[in-house]
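Working notes for the structure below.
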Amino acid sequence: MIGFLDTLEDRRGLYNPEINLRILVKVQVQILLHYKNMYWKQRYNANRIKFGDECTKFFHTMATNSFRKNTSTQILNDQGAWIQDHEGKAGLLWNSFKNRLGVTSGISMHFQLSNLITPRSNLLSLVEPWSHSKIDNIVKNMPNDKAPGPDGFNGLFLKRTWPIIKEDFYKLYDDFYEGIVDISGINRSYITLLAKITNPETVNDYRPLSLMNISPKLISKLVADRLQGEILSLIHKNQYGL
């Protein structure tokens, strides 16, 4: 904000004062709106903690708003017909997202990867055991209020209870590194739909989001952080992702 104002002061002779005033007012309004949003969010959290489980008007209003926000009353299918029953909507969503994933019918390589990829050495850092300090640092930097997965735990819970449960996590990740643990029991997720627009009508108006358990989520973060340190030397400078 200060640097922005300094820029306007330095270029006072290049801009119309009225334009400068409009820019300053716009920036100030954005700041005030941000503060207002933070205020109402904190007030809602305080009221939810205080009155969330009581049979009050606040509780019923919160439940009603949540129900309206998370409920899709009808979905338009490919034939232009509205599907309103639960089984029909579930089947429509299931078939649509399943078809997007496709079915593997066999893979045939039409080129030699060895001719396209230059072998790299000195990548032992990718297979080193995870240090406990690295795990602690990832837990420390986790967001507090992300939506929990099937286990119901979020980042704030993990941070508050970390001194108590950290040894269990250390053992889990050590065993995972050694390949002597089966994580199929915890490697599950909830798939929820997020509306892309205000009034979604078709399946394409929803974005699927997987809510993972917190244990495999940390494993993914450990692997991603380690790969991030080497990825720039493994890909071409013209490669990028969309």
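Rule-based calculations on the coordinates, nothing more; no lab input. Owing to the predicted nature of the structure, the values given are computational and were not obtained by experimental measurement. With ideal geometry, Cβ positions are generated from the backbone for all residues, glycine too; neighbour counts draw on all protein chains shown.
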Original post:
helices (runs of 4 or more DSSP H) wholly in segment 80-158 with at least 3 residues that are touching a strand residue (DSSP E or B) at 6+ places or on another chain (Cβ under 8 Å) and either without any contact (Cβ under 8 Å) to a residue 60 or more places away in the chain or more than 25 Å from Y177 (Cα to Cα) (or both) - which ones?
Top reply: 86-101
Original post:
Which condition breaks for M212 when tested against (1) within 25 Å of N70 (Cβ to Cβ); (2) exposed (fewer than 15 other Cβ atoms within 10 Å of the Cβ); (3) out of contact with any Phe, Trp or Tyr (no Cβ under 7 Å at 6 or more places or on another chain)?
Top reply: (2)
**OP:** Could you please give the count of residues in segment 195-209 that are in contact with a helix residue (DSSP H, G or I) (Cβ under 8 Å, 6 or more places away or on another chain), buried (at least 16 other Cβ atoms within 10 Å of the Cβ) and outside any helix (DSSP H, G or I)?
**Re:** 1
**OP:** Sort out which residues of segment 22-45 are surrounded by 11 or more Cβ atoms within 10 Å (Cβ to Cβ) and closer than 14 Å to M62 by Cα, and write them in order of number.
**Re:** K41, Y44, N45
**OP:** Test S215 against the criterion of being part of a helix (DSSP H, G or I) and under 14 Å from the mean Cα position of the chain (by Cα), and give yes or no.
**Re:** no
